[in-house]
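Note sheet for the following structure.
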Amino acid sequence: MAKNKNVNYKGPYGYQKLKEREPRACIRFKCALTNTILDVLRQRPGWVEVKDEGEWDFYWCDVRWLQENFDHTYMDEHVRISHFRNHYELTRKNYIVKNLKRFRKQLERDSGKLEAMKYDFFPKTFEMPSEYHLFVEEFRKNPGITWIMKPVARSQGRGIFLFRKLKDVIDWRKDGVRVDDQKDEIPVENYVAQRYIENPYLVGGRKFDLRVYVLVMSYIPLKAWLYRDGFARFSNTRFTLNTIDDHYVHLTNVAVQKTAPDYDPEKGCKWMIQKFRLYLTAKHGAEAVENLFAEMDNIFIKSLQSVQKVIISDKHCFELYGYDILIDQDLKPWLLEVNASPSLTASSQEDYELKTHLLEDTLNIVDMEGRLTGKEKRVGGFDLIWNDGPVSREDGNLDTPMNGFVANTHLGYNNDRKKQLRQLFKSFQTQQKV
């Protein structure tokens, strides 16, 4: 139950408060979006949609609502919302770089350079215009390489451009802001200038990046789940560095690629991550691919740890992040960005099924129904990868020893979620009967 704080509210059943995880027969939800998540919420048994000012137990909100209303809303123990209050520490392009740099320096002081090297997974980046002079100094050390400029608070490829000449940035500074007829924008729009990965791994001559989903239920202690499914997003045009102005070559965002003249909406530009993993294994062998995916796991955990002490870990909050990972020709993964509101709009039937299952399993872990024990290592397609420390795999494979520890990650493996959920909730029903 959530209401405005200025209302003299004493709980949904008078003065008697429900226990936080007590099973609930009816869950009232609100949803700020009109895509796949709304379909999933409406189809969930026992969940009822409320609109306008109705009282709710669960809200899939947008970040604007969070900024305007969170501090003025009373929330009972069981209430859940879909964002952490200052998620932008991880999801704004300038803040995540600032937090990663700070955490790496601290780690180098405390544990030495070798440990700090585990944070070598994001390209050299400068915030503009505040670090312009530092950027110029770095730019002049390596003349001729390619850089990419990204607005810190926009998405879907908007406002991005590549450059090799300092003149392009000087012109950008003179222009002030590259804004598309947005008069209500702040006077100076912040960008990041980031070293462009000039040697991306190519499939069929085309560039791609990976979208991977990580669900965080708590920051203190850190509790994070990794989804088994994801996808590779391909550019529509063969990669070349001869032209840096063609977004169809360099940007893999679906919002950009679907505007290409020869884009085929039936085929799209996506591979399921299982197909991608099989492709890599056939070309490079299982060990190289295991190492690559282990490095990606490192990116997920280290990036979350870098913001663990600055994000407000409110018990009412959870967040589903979309990680964008680029792989280079040396099979090294690079973190491009983390999205607090990854697109839940489907671009194909396969995409719709992936996102439907992803969201159903997210709601299973949020567990408004109070069915879980809290000791689960797997729920549907999600595997618990961090629970105030690394989580070991129950079915540890003896052929893959890692100092006696095998991490509980299955990204790109078979996602037999329906079978697992049947087993999970069958045991729950048995316990209820007892």
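Residue count for the range 23-63, restricted to those that are out of contact with any Ser or Thr (no Cβ under 8 Å at 6 or more places or on another chain), of a type in the set (A, V, I, L, M, F, W, C) and assigned to a strand (DSSP E or B): 7.
Applying the criterion of being among the basic types (Lys, Arg) and in a helix (DSSP H, G or I) to the residues of the range 390-434, the residue that is modelled with the lowest pLDDT is 433. List the residue pairs whose Cβ atoms are under 6 Å apart, where the first residue sits in the range 232-244 and is among the β-branched types (Val, Ile, Thr), the second is in a strand (DSSP E or B), and the two are 6 or more positions apart or on different chains. Correct list of pairs: 244/162. Of the set (1) open to solvent by 50 Å² or more (accessible area, probe 1.4 Å); (2) in a helix (DSSP H, G or I), all apply to residue 345 but (2). Take residue 46 and tell me if it is surrounded by fewer than 18 Cβ atoms within 10 Å (Cβ to Cβ) and touching a residue at least 40 places away in the same chain (Cβ under 8 Å). Yes, satisfied.
Reported count of residues in the range 308-333, each being surrounded by fewer than 18 Cβ atoms within 10 Å (Cβ to Cβ) and part of a strand (DSSP E or B), is 1. The residue of the range 161-194 that is nearest to residue 132 (Cα to Cα), among those that are assigned to a helix (DSSP H, G or I), at pLDDT 80 or above and open to solvent by less than 60 Å² (accessible area, probe 1.4 Å), is 166. Among the residues of the range 211-227, those that are touching a Leu at 6+ places or on another chain (Cβ under 8 Å), open to solvent by less than 20 Å² (accessible area, probe 1.4 Å) and not small (Gly, Ala, Ser) comprise 212, 213, 214, 215, 216, 219, 222, 225, 226, 227.
Scanning the range 78-114 for residues that are of a type in the set (D, E, K, R) and assigned to a helix (DSSP H, G or I) turns up 89, 93, 98, 101, 102, 104, 105, 108, 109, 110, 113.
The values are calculated or read from the model by the stated rules, or taken from the named source; none is laboratory data. Predicted model only: the values in this text are computed from it and were never measured. Cβ coordinates were reconstructed from backbone atoms using ideal geometry, including for glycine residues, and neighbour counts include every protein chain displayed. The protein model used for the area step is the full one, side chains on, heavy atoms only, and it has no ligands, DNA or RNA in it. Shrake-Rupley method; radii C 1.70, N 1.55, O 1.52, S 1.80 Å.
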